[in-house]
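S.K.: Take a look at this one; I'll ask things after.
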Amino acid sequence: MYRMVLQSLLDRLLHKIVWRDSVTEPIRTFVLNTVTNGTASAPYLATKCLQRLADEGKDSHPAAAKVLRKDFYVDDMLSGVDDIEEGKVLIKEMIELLQSAGFLLRKWNSNSKELLSEVPEDLRDERSILELDSSSSSVKTLGLPPSTDSFRFSSPMWNESTEITKRCVLSDASRLFDPLELVRPVITQAKIFLQDLWKQDCGWDDPLELQLQEYWREYRRNLASLDGISVPRWIAISRIVVAVELHGFCDASNKAYGACVYVRTTAIDGSVAVHLLTSKSRVAPLENLKKNKKSFSTPRLELSSALLLAHLYEKIVNSINVTAKCFFFWADSTIVICWLSSSPSRWK
């Protein structure tokens, strides 16, 4: 993507490479004409080009311009339509609009074979599973099985012969890729275990106690159960929906707290559908006497989960094009409900 975006002439002077093949040759200077990968401004410049293209194409390619502005993450598009004809229009407009600026959108995939047939064969992509192991992922950004239109997970391959150390645990935990946090309760267990290792002040490369090593190996083995989990991407919002509700739940324990949001839709015929949209979690802060930071009480953690849900709600309504008539916040802590119901002037 970056290679298709030209830099201004003045900025090119700041992107130079000096090179020679041997010490006997004179040094040559190369100027990089396109956006340079690794510079701080590169993602902004490339993404800004897409946004500018959306503004310029809103009259000639209205469907593509809308998707280009809202449904792209850097160079990856994830969008949807209500029917086949609308999809055909979107594909045609998107290819034309992007090609007008020198961009070629490749690796198209869809759960509809009829729609996919509208895409030139050389631009299609058959890869389909969102890997939990982001380092070896075949589709790194929200890949979808083309036949089911669902998020699925594939557990990483582990090296069972190595000794388990804190460095090994941290490396394993960082391989768990879950952008929508659909399996966050499972991954939170890894974070809690890593936090326990910090409490014990374990060395980075010191082998863990045999009991701890066995716990982590068992955790690895249990991750294979995620391979059977499938979460629908479509949350049942379409033209036939007459009511949309968002329901958010929050809860906490003395080790972690979290929140999740479900979408409840009611169709014209009275049928109701409920889907998990996303979630968020945090491990409980550790006590640090040197910095005068005490561990949180359970009610305080319950309050933190309610705040986390409020932030999650704000992020959702600013990110997705869903007009919900009602939003419900659910909490099982009467203390938190009383705190929130009281006047803010009562609290610090």
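S.K.: Work out how far the C-alpha atoms of region 1-128 reach from end to end along every principal axis, then list the three figures in whole Å, largest first.
M.R.: 64, 31, 21
S.K.: How much of the accessible area of the chain, probe 1.4 Å, is carbon plus sulfur, in whole percent?
M.R.: Values: 11830 of 21560 Å².
Its accessible area is 55 percent carbon and sulfur atoms.
S.K.: Same structure, new question: How much area per residue is accessible in region 1-135 when the probe is 1.4 Å and only protein heavy atoms are counted (Å²)?
M.R.: On the way: 8840 Å² over 135 residues.
Result: 66 Å² per residue.
S.K.: Hey, can you find the accessible area per residue of region 141-221 for me, probe 1.4 Å, expressed in square angstrom?
M.R.: Numbers: 4260 Å² over 81 residues.
Ligands and nucleic acids excluded, the result is 53 Å² per residue.
S.K.: Run the dipole for region 300-348 about the Cα centre, Lys and Arg Cβ at +1, Asp and Glu Cβ at -1, nothing else charged, and hand back the magnitude in debye, nearest 20. Before the final figure, lay out each step's value.
M.R.: Working: 5 positive and 3 negative charges, 32 e Å.
Using Cβ point charges on Lys, Arg, Asp and Glu, region 300-348 gives about 160 debye.
S.K.: Relative contact order of the chain, please, whole-number percent, based on alpha carbon pairs below 8 angstrom and at least 6 residues apart. Can you show the working numbers first?
M.R.: Values: 503 pairs, mean separation 35.3, N = 348.
For the chain, the relative contact order is 10 percent.
S.K.: Follow-up question, since we're still on this one. For residue 78, enumerate residues with amide H under 5 Å from its amide H, sequence gap 5+ or separate chain, H modeled in the peptide plane.
M.R.: Those qualifying (amide H under 5 Å, at least 5 residues apart or on another chain) are 73.
S.K.: Could you work out the Kirkwood radius for the chain, taking every pair of different alpha carbons, averaging 1/r and inverting it, reported in Å? List each step's numbers first, then the result.
M.R.: Numbers: mean 1/r = 0.0412 Å⁻¹.
So the Kirkwood estimate lands at 24.3 Å.
S.K.: How much accessible area per residue does region 233-279 have, counting only protein heavy atoms and a probe of 1.4 Å, in square angstrom? If you can, show how the numbers build up before the last one.
M.R.: Working: 2280 Å² over 47 residues.
Spelled out: the 1.4 Å probe surface of region 233-279, per residue, equals 48 Å².
The values are calculated or read from the model by the stated rules, or taken from the named source; none is laboratory data. Nothing here was measured: the structure is a model prediction, and the numbers come from that model. With ideal geometry, Cβ positions are generated from the backbone for all residues, glycine too; neighbour counts draw on all protein chains shown. We work out accessible area using only protein heavy atoms, side chains counted, and drop any ligands, DNA or RNA first. Shrake-Rupley method; radii C 1.70, N 1.55, O 1.52, S 1.80 Å.
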